[in-house]
Amino acid sequence: MMYAFTIKKKGQIVIPKAFRDQLNIKENDRVLLSVVKNKIIIERIPTVDEMVGFFKVKKIFTDAEIEEKRAEYLGKKYGRH
C-alpha cells in the first residue's frame, strides 16, 4: 500500500486511516520515527498496559510491599532507620 503525501508548512503529514488501522495507531498514541536507508519508518510504541506480561517477574508486589521496599532501600542508601 502506498500513498502520496503533501508536507505541510511545519513539516507535518497526516497518516492515512488505512495505515493507522494497520498499525493500530490511535489518537494520542506515541510513535517512534526513524530513518533507515533513506526511508522514514514509523513504529507504534506499545503502552505500559500492553507490555504487562512481557517482562518475567518472579513476584507481584502489593503497594504496601513496594512502599516497604522503597523505605528499606532509602534507609540503606541514606542511613535512615
List, please: which pairs have Cβ atoms under 7 Å, are six or more places apart or on different chains, and start with a residue in region 1-14 that is exposed (fewer than 10 other Cβ atoms within 10 Å of the Cβ) and end with one that is outside any loop (DSSP other than H, G, I, E, B) and of a type in the set (A, V, I, L, M)? Met1/Ala18
Do we find a residue being among the β-branched types (Val, Ile, Thr) and at pLDDT below 90 anywhere in region 17-27? no
Can you pull out every residue in region 1-12 that is among the hydrophobic types (A, V, I, L, M, F, W, C) and at pLDDT below 90? Met1, Met2, Ala4, Phe5
Applying the selection to region 1-48, what residues are of a type in the set (Val, Ile, Thr) and not in a loop (DSSP other than H, G, I, E, B)? Val31, Val35, Val36, Ile40, Ile41, Ile42, Val48
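The values are calculated or read from the model by the stated rules, or taken from the named source; none is laboratory data. Note that the structure is a prediction, hence the values are computed from the model and not measured. Glycine gets a Cβ as well: all are built from the backbone with ideal geometry, and neighbour counts include every protein chain shown.
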